[in-house]
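*Asks:* The structure that follows is given in the form of structure tokens.
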Amino acid sequence: MTDHRFQIDLGGIIDLLANHLYSTPQVYVRELLQNAIDAITARRALEPDHAGSITIEHVAGRDGGPATLLFADDGVGLTDDEVHQFLATIGRSSKRADLDALRSEFIGQFGIGLLSCFMVSDEIVMITRSARDPDAKALRFEGRADGTYTVTPTDLESGPGTQVWVRAKPAAAEWVEADALERLLLRFGGLLPVPIRFSSGGAEPRVLNAEGAPWRRRYASAEEEREAILAFGAEMFEVDMLDFIPLRSRPGEVDGVAFVLPPSHATVTGASNHRVYLRNMLLSERVDNLLPSWAFFVKCVVNCNGLRPTAGRESFYEDADLEATRAALGKALRSWLVRTAEHDPARLDALIRVHHRSMKALAVEDEDFYRVIADWLPFETTGGRIPLGELRSILRAGVPPGARPLLRFTKTVDEFRQVAPIATSQRLTLVNAGWDYDEELLERLPVIDPGIDVEPVAAVDLVADFEELDPAEADRAARLLAVAERTLAPHRCSAEVRRFLPAELPALYGIGDAALFRRSVDIAKEGADETWSALMDGVAGGPGADPGAATLCLNLGNPLVGKLTRVADEELLRRAVELLYVQSLMLGHHPLRETEMTLLNEGLLALIELGIDARGGEEGRP
Amino acid sequence: MTDVDRSRAQELIDRARAMGFFDHSPAKVALLEEAVRLADADGTDDDLRWDARHELVHTATFCGFYETALVAFAWQLGKCDENPERWHERDLLWQYKWIISSLHRFPGIPLERIDETTEDMARRYERCGLNQRPVHDVRRRNALFTGNLEATHEHYRLWKATPRDSGADCAACELANEFDYFLVAREQPEEAIELAEPLLDGRMSCAVVPLSCLAQVLVPLLRLGRVEETVAHHLRGIGLIDDRSRAIGSVGDHLDYLAITGNHRRGIALLERRFAWASEGRNLSGRFTFYLGAWVLLSRIAERARKPTRKLRLPRSLPFWREDATYRLDELLAWLEGELRGLADAFDRRNGNEWFARRVTAARELLALDTPISLAGR
Ligand SMILES: Nc1ncnc2c1ncn2[C@@H]1O[C@H](COP(=O)(O)OP(=O)(O)OP(=O)(O)O)[C@@H](O)[C@H]1O
Ligand SMILES: [Mg+2]
């Protein structure tokens, strides 16, 4: 038996990288910059005072052919040994020797970055001189896309460092064009602490990244800072930002800014794409897992030193470090909001007007935050859309001193629509908590404001608040009530007679959660076979299942209902109750069950008939 | 009038969609439920009724309102059978497995009914040219959750033997299920944890995974003495719960963890915050797991408490709710025990075994563990 070595088909690997790992051939610029920076970092381990610089030259191709690029650094270089070991061995990296220690210093780690050059070139030439050995000779490495390479001694005037020559292949001309290259260098390397010099057409090299990160600069005044940072945001994202929030986090070693998006750009679909630098090199413009999900109203530009990128360098590993970073960044955003609420309420007001949904999401998550922000959060009420602070004072004004105000809300939008007219006629302020987060927030309101009570109400509850009948009235309505009870029992609905406003409303159908679910089951069962019917009964039943209450409340204040109390004919009464029942169902926008459809159809005809009989009787009287 | 219902239903669907595909909040479910109701009340537009339900099945499932999803799905399936030209069953197959693998959660559903439905799923997959891999997967899960280990092993074998095709469940979910199998059915925690490594370290994830793994792995890791690892998993797991009441069972696992590690204040905060999900939701197996965790936590607190009472913010809907928020621990524990017994009986009667009763016993045994960990500042 003989052991064999895996053979690698470089063409296949390059194809794999180009099509599956990297999103565009442009990343060769990033990879070359990264390697240069890493080399300078490594050289600093030998010579701590070494400043380092990177020079890029663009040499136009002859006869309009594609250009040749030179990436030169004065980093640590490579020895003969290292060339074979690291450069020529795919998947081997000089930066991984001691993974954990070095992870905090180098950007590279996988030993494949250089291969990205093969997306734009068939051949990489590297001339390098090692800083490890003062007498080291320069070496010339030539690697080709077919998987062969040569190493030969050569001459290099300057000191230690590395030059990488990339001669673009014709098909890649667009990726090496001078203007495009300059833009890419600035985009990927704009934050690097090492100067990047660029020249094309033989001109004097210019430093591209003189300014550094705008949030690390010093400014004469807060206004100047604001202007500069917002201008930076506008340029970066091509959107005029509303505001900015400085970010800093020890986990992940993050610094940067979060820009508050204008409403048109903050999608509630979440996941902003953030622009993230790793050790000051642009990692990706599409990182979407860096902030907590509620933070969809901001877009960030940040640098982090302590997170682990995936090999494609477009996002981070979902590991505990990332989780901690996310938490810390969430905290930074939060405390900014808290501070602004205290010191600059107008600024916060403007922000919340636009982004109240995410603010509410955050308040649900975080009690302290809720406490601070509560008064600014808007809610829909019977008195229009008002901030909670105002709502609290309205409620407080409505009760005698010493008494506790009660905030009532409906759990669904549908209920709100049903109950709002009643509440208004009773002069109650009612909140619609059917929208996102509202219910949870209101339920937790007493925690942050122990002086207030909150209570969910359904139509049924309001009916319970309605005026009870006096004994004489109750007597008068007894017969109607008895017939109504009997008539509605098969529909799993009970009956009541009360007096309530508005008087135009003859009856009100009220239903709790459980009964509502039961109705949806009944309707679904109408089209289902035996098995599915059994399944639905199974989920609706079970231990502790509440059959749920539905109630039809007849309004004695309504003239028609008043007349009904005087009707003797039981058949007529029954038909009338059935129709009132169906009508109030429809008023509440409830889909009708088949049995209720039948009531509607038959009931109308029957009533007409009863009416004709009555008339006919009269007319026929001699 | 009907036209109002219809345009309002459409508006609500749009609104729900604007909340984003990955939003699985109760608020979104509420919007869609209302959309279904209005579309039905209108009754003229079957496309609208279908669309509303399609969104609802997805959102309700991920939110953990399995019963709501089931009812909406039943209507859709009925439509497919009524008019297969217009409504394509292929569009429902992906969701079908969610529906079936939630059936075991309702003790009111007899096992034969679960089997019948799974047969139906198998037939439909075959008819659409898909292999049986997801069918074996849901069979295995239902077998495992109903305590039928023999069938669990058999369906695992069949699942393994069937290659992935375009109908297969998402890879992260499959792995999470396999983790579950090794952990619970095989009782091989080390193998299970190793298997789940890509989920635990964040390399693989999806809308539902690794939320549950991060919770399930805690106590086994403590038992293996791998204490340090648990902290990150616990914190990350809690972070992922967000507003998905689907995670109610996982909350129970985290309560176990907080009890055993001595983080009682955190445990109480978590219990208070999520109690209503358990007591008001219809997901009974989730309720069971949460109550187990609550029982473990409160028992541990009672063991060490100097006072017989404790302040707790519990949902108003509980029969013993108190205005002053002060509860006797022994009474609370007795109530939980009663609930647990009731649930365990119902499940075990349906399953014809003692699987749930044994889970109650296992929870008691947890109290033998005591591994203090400081989570302060983390
Ligand atoms: N400019 C350079 N100066 C010195 N050494 C270099 C330079 N460029 C590349 N190397 C050497 O070549 C090796 C391979 O580079 P490559 O970019 O392929 O991988 P890497 O940087 O280690 O990891 P990654 O794939 O994450 O970029 C490096 O580990 C380093 O030893
Ligand atoms: Mg590299």
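The values are calculated or read from the model by the stated rules, or taken from the named source; none is laboratory data. These figures come from a predicted structure and were not determined experimentally. Here the Cβ positions follow ideal geometry from the backbone for every residue, glycine too, while neighbour counts run over all protein chains shown. Note: accessible area is taken over every heavy atom of the protein model, side chains too, but ligands, DNA and RNA are not part of it. Shrake-Rupley method; radii C 1.70, N 1.55, O 1.52, S 1.80 Å.
*Asks:* Part of a loop (DSSP other than H, G, I, E, B) and hydrophobic (A, V, I, L, M, F, W, C): which single residue out of A:ALA173, A:ALA131 fits that description? Show your work before the answer.
*Replies:* On the way: A:ALA173 fails: part of a loop (DSSP other than H, G, I, E, B).
Of A:ALA173, A:ALA131, the one residue that is part of a loop (DSSP other than H, G, I, E, B) and hydrophobic (A, V, I, L, M, F, W, C) is A:ALA131.
*Asks:* Next question. Here are the criteria: (1) part of a loop (DSSP other than H, G, I, E, B); (2) within 15 Å of ligand 2 (Cβ to nearest atom); (3) at pLDDT below 90. Tell me which single one A:THR24 does not satisfy.
*Replies:* Answer for A:THR24: the failing condition is (2).
*Asks:* Any residue in segment A:489-518 that is under 30 Å from B:PRO26 (Cβ atoms) sitting within a Cβ distance under 6 Å of a residue that is assigned to a strand (DSSP E or B) and modelled with pLDDT under 80? List the pairs, counting only those 6 or more apart or interchain.
*Replies:* none
*Asks:* Right, another one. Somewhere in segment B:228-241, is a residue out of contact with any Asp or Glu (no Cβ under 7 Å at 6 or more places or on another chain), open to solvent by 10 Å² or more (accessible area, probe 1.4 Å) and touching a residue at least 40 places away in the same chain (Cβ under 8 Å)?
*Replies:* Checked segment B:228-241: no residue is out of contact with any Asp or Glu (no Cβ under 7 Å at 6 or more places or on another chain), open to solvent by 10 Å² or more (accessible area, probe 1.4 Å) and touching a residue at least 40 places away in the same chain (Cβ under 8 Å).
*Asks:* Okay, moving on. Among the residues of segment B:289-301, is any away from chain A (no Cβ under 11 Å), among the β-branched types (Val, Ile, Thr) and over 25 Å from B:PHE106 (Cα atoms)?
*Replies:* yes
*Asks:* Return the residues of segment B:315-352 that are touching a residue at least 60 places away in the same chain (Cβ under 8 Å) and out of contact with any helix residue (DSSP H, G or I) (no Cβ under 9 Å at 6 or more places or on another chain); say none if nothing qualifies.
*Replies:* B:ARG349
*Asks:* Now for a different question. What do you reckon, is B:GLU67 in contact (Cβ under 8 Å) with a residue 40 or more places away in the chain, more than 12 Å from chain A (Cβ to nearest Cβ) and on the phi < 0 side of the Ramachandran plot? Let's see the steps before the verdict.
*Replies:* Values: in contact (Cβ under 8 Å) with a residue 40 or more places away in the chain: yes; more than 12 Å from chain A (Cβ to nearest Cβ): no; on the phi < 0 side of the Ramachandran plot: yes.
Judged against the criteria, B:GLU67 is not a match.
*Asks:* Please enumerate the residues belonging to segment A:400-415 that are surrounded by 12 or more Cβ atoms within 10 Å (Cβ to Cβ) and either of a type outside the set (S, T, N, Q) or more than 14 Å from chain B (Cβ to nearest Cβ) (or both).
*Replies:* A:ARG404, A:PRO405, A:LEU406, A:LEU407, A:ARG408, A:PHE409, A:LYS411, A:VAL413, A:ASP414, A:GLU415
*Asks:* Can we say A:ALA568 is farther than 26 Å from A:ARG417 by Cβ, free of Cβ contacts under 8 Å to residues at least 60 places away in the same chain, open to solvent by less than 40 Å² (accessible area, probe 1.4 Å) and part of a loop (DSSP other than H, G, I, E, B)?
*Replies:* no
*Asks:* Conditions first: (1) assigned to a strand (DSSP E or B); (2) open to solvent by 30 Å² or more (accessible area, probe 1.4 Å). A:GLU323 passes all but one, so which condition is the exception?
*Replies:* (1)
*Asks:* Inspect segment A:68-82 for any residue being surrounded by 21 or more Cβ atoms within 10 Å (Cβ to Cβ) and more than 16 Å from ligand 2 (Cβ to nearest atom) and give the result as yes or no.
*Replies:* yes
*Asks:* Consider segment A:433-453. How many of its residues are modelled with pLDDT of 90 or more, more than 11 Å from chain B (Cβ to nearest Cβ) and farther than 15 Å from A:VAL364 by Cβ?
*Replies:* 1
*Asks:* Could you identify the single residue in B:LEU12, B:LEU38 that is at the interface with another protein chain (Cβ under 10 Å from one of its Cβ atoms), in contact with a His (Cβ under 8 Å, 6 or more places away or on another chain) and part of a helix (DSSP H, G or I)?
*Replies:* B:LEU38
*Asks:* Just for helices (runs of 4 or more DSSP H) wholly inside segment A:346-440: which have at least 3 residues that are in contact with a helix residue (DSSP H, G or I) (Cβ under 7 Å, 6 or more places away or on another chain)?
*Replies:* A:367-373, A:413-425
*Asks:* Give me the pairs: first residue in segment B:174-196 and more than 16 Å from B:ASN148 (Cα to Cα), second residue small (Gly, Ala, Ser) and in a helix (DSSP H, G or I), beta-carbon distance under 8 Å, and six or more apart or on different chains, which are they?
*Replies:* B:ALA176/B:SER212; B:PHE179/B:ALA192; B:ALA196/B:ALA176
*Asks:* Scan segment B:326-348 residue by residue and report those that are surrounded by fewer than 18 Cβ atoms within 10 Å (Cβ to Cβ) and within 10 Å of chain A (Cβ to nearest Cβ).
*Replies:* Listed by number, the residues that qualify are B:GLY342, B:ASP345.
*Asks:* OK, next. When the residues of segment B:41-61 are filtered to those that are within 10 Å of chain A (Cβ to nearest Cβ) and within 27 Å of the chain's Cα centre (by Cα), which remaining residue is least open to solvent (accessible area, probe 1.4 Å)?
*Replies:* Kept after step one, since they are within 10 Å of chain A (Cβ to nearest Cβ), are these residues of segment B:41-61: B:41-43, B:49, B:53.
Filter again for within 27 Å of the chain's Cα centre (by Cα), leaving B:49, B:53.
Working: B:ARG49: 41, B:ARG53: 12 Å².
Of everything passing the filter in segment B:41-61, B:ARG53 is least open to solvent (accessible area, probe 1.4 Å).
*Asks:* Of the residues that sit in segment A:304-317 and are open to solvent by 30 Å² or more (accessible area, probe 1.4 Å) and modelled with pLDDT of 80 or more, which one is farthest from ligand 1 (Cβ to nearest atom)?
*Replies:* Applying the filter and picking the extreme gives A:ASN305.
*Asks:* A further question on this structure: Spot the failing condition for B:ASP324; the list is (1) modelled with pLDDT of 95 or more; (2) out of contact with any Asp or Glu (no Cβ under 9 Å at 6 or more places or on another chain), and only one is missed.
*Replies:* So the condition that B:ASP324 fails would be (1).
*Asks:* Residue check, A:THR487 against (1) within 13 Å of chain B (Cβ to nearest Cβ); (2) more than 30 Å from A:GLY402 (Cβ to Cβ); (3) surrounded by 21 or more Cβ atoms within 10 Å (Cβ to Cβ), all met but one. Which one?
*Replies:* (1)
*Asks:* Now, a different point. Could you say whether any residue in segment A:120-142 is more than 24 Å from A:LEU156 (Cα to Cα) and surrounded by fewer than 18 Cβ atoms within 10 Å (Cβ to Cβ)?
*Replies:* No; the residues of segment A:120-142 include none that is more than 24 Å from A:LEU156 (Cα to Cα) and surrounded by fewer than 18 Cβ atoms within 10 Å (Cβ to Cβ).
*Asks:* For the structure I just gave you, tell me whether A:GLY544 is under 19 Å from A:ASP513 (Cβ atoms), at pLDDT below 95, open to solvent by 40 Å² or more (accessible area, probe 1.4 Å) and of a type in the set (Gly, Ala, Ser).
*Replies:* Against the criterion (under 19 Å from A:ASP513 (Cβ atoms), at pLDDT below 95, open to solvent by 40 Å² or more (accessible area, probe 1.4 Å) and of a type in the set (Gly, Ala, Ser)), A:GLY544 qualifies.
*Asks:* On to the next question. Tally time: how many residues in segment A:222-258 are surrounded by fewer than 14 Cβ atoms within 10 Å (Cβ to Cβ) and among the aliphatic types (A, V, I, L, M)?
*Replies:* Total satisfying the criteria: 3.
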